[in-house]
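Reading through the structure tokens given below for one structure.
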Amino acid sequence: GGTITVTGNVNLSSSWFTVSSGSGACNMTINGDLNISGGVFWSNEDATNNSITISGNYTQTDGVFIGTDWTAATTINIAGDIAISGNVGTSYCILTSGSGMCTFNVDGNASITGGNLLLTEDANEGILNIKNNFTYTGGYIWENSTTNACQINFNGTSIQPCNVTANTFNNVNYTVKTGATLQMENEPSYLNGDGIFTLEAGAKLGIKSIDGITSSGATGHIQTATRNFSTGADYEYNGISLQSTGS
């Protein structure tokens, strides 16, 4: 085991960097940003839990990030923003690639405009917790496991604008947690895929679509395969055009 502390930024443009690769946990603190533009950044490839704390931002334009590829759990805490872009054939942020679980806790904004956010490709979940804005306008958000789904949670304490105009693939579940407010940023925004959308009791959904929210079908802001709208949640219709409540 050990500890890695970086006072500035970590920039990876080629080669291979692994944080934990033995029977002891190696925990890493980056007091600046993590920038990946090539190569492979591997957080954990063994059976002992570890963590990475980033005081700045996580930016990926190419290359591969792997959270965990073995039985251990990995926690990535990001105080700033996460931004994933680049070519969909070469830019991969993979949270869970083994039987362990990887959790990304993002205090800032999450933006996917290219590349791949692959939440899980094995028997355990990849979890993305977002406290601020969520933008998904290009690239892919997906899971590639035959045995499990994965989770994107909105758990902020202030309004979280959501601008999504790209498709989610396979069983990605979206949950607006109690106390959070997810505001669909514009009329065309939607959340879709084969997973479950859940608006918990005590949460709030801001709705701008002219079709409101629907129980099924490809209309309105929420278009996932299964939709759970709590009767204990708040629903605010705040669009600029005439709106239907939906079904």
Can you spot a residue in the range 133-147 that is in a loop (DSSP other than H, G, I, E, B) and closer than 20 Å to Asn163 by Cα? yes
Among strands (runs of 3 or more DSSP E) completely within the range 173-247, the ones holding 3 or more residues that are more than 23 Å from Glu125 (Cβ to Cβ) are 181-184, 204-207, 234-237
How about the range 55-73: which of its residues are more than 10 Å from Trp42 (Cβ to Cβ) and part of a strand (DSSP E or B)? Tyr58, Thr59, Gln60, Thr61, Asp62, Gly63
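Yes or no, residue by residue, for (1) open to solvent by 60 Å² or more (accessible area, probe 1.4 Å); (2) touching a Phe, Trp or Tyr at 6+ places or on another chain (Cβ under 6 Å); (3) free of Cβ contacts under 8 Å to residues at least 24 places away in the same chain:
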site: Ile159; (1), (2), (3): yes, no, no
site: Met184; (1), (2), (3): no, no, no
site: Leu191; (1), (2), (3): no, yes, no
site: Ile196; (1), (2), (3): yes, no, no
site: Ala201; (1), (2), (3): no, no, no
Only one of (1) more than 26 Å from Ser91 (Cβ to Cβ); (2) among the polar types (S, T, N, Q); (3) outside any loop (DSSP other than H, G, I, E, B) does not apply to Thr157, and that is (3)
I'm told Asp234 meets every condition in (1) at pLDDT below 95; (2) open to solvent by 70 Å² or more (accessible area, probe 1.4 Å) except one. Can you identify the failing condition by its number? (1)
Where residues in the range 7-46 are at pLDDT below 95 and open to solvent by 70 Å² or more (accessible area, probe 1.4 Å), which of them is nearest to Thr61 (Cα to Cα)? Ser21
If Ile127 passes every condition in (1) touching a Ser or Thr at 6+ places or on another chain (Cβ under 8 Å); (2) open to solvent by 10 Å² or more (accessible area, probe 1.4 Å); (3) within 20 Å of Gly220 (Cα to Cα) but one, which one does it miss? (3)
Considering the range 37-54, residues that are part of a strand (DSSP E or B) and hydroxyl-bearing (Ser, Thr, Tyr), and then whichever is farthest from Leu128 (Cα to Cα), we arrive at Ser37
Check whether at least one residue in the range 97-107 is on the phi > 0 side of the Ramachandran plot and outside any strand (DSSP E or B), and report yes or no. no
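What number of residues in the range 90-104 are out of contact with any Cys (no Cβ under 6 Å at 6 or more places or on another chain), within 19 Å of Thr74 (Cα to Cα) and buried (at least 18 other Cβ atoms within 10 Å of the Cβ)? Explain how you work it out, then say what you get.
Step one: filter the range 90-104 for residues out of contact with any Cys (no Cβ under 6 Å at 6 or more places or on another chain), giving 90-94, 97-104.
Imposing the further condition that a residue be within 19 Å of Thr74 (Cα to Cα) reduces the set to 92-94, 97-104.
Add one more test, that the residue is buried (at least 18 other Cβ atoms within 10 Å of the Cβ), and what stays is 92-94, 97-98, 100-104.
Qualifying residue count for the region: 10.
The values are calculated or read from the model by the stated rules, or taken from the named source; none is laboratory data. Computed from a predicted model, the values in this text were never measured in an experiment. Heads up, the Cβs are rebuilt from the backbone with ideal geometry, glycines too, and the neighbour counts pull from every protein chain shown. These accessible areas exclude ligands, DNA and RNA; they are computed on the full protein's heavy atoms, side chains included. Shrake-Rupley method; radii C 1.70, N 1.55, O 1.52, S 1.80 Å.
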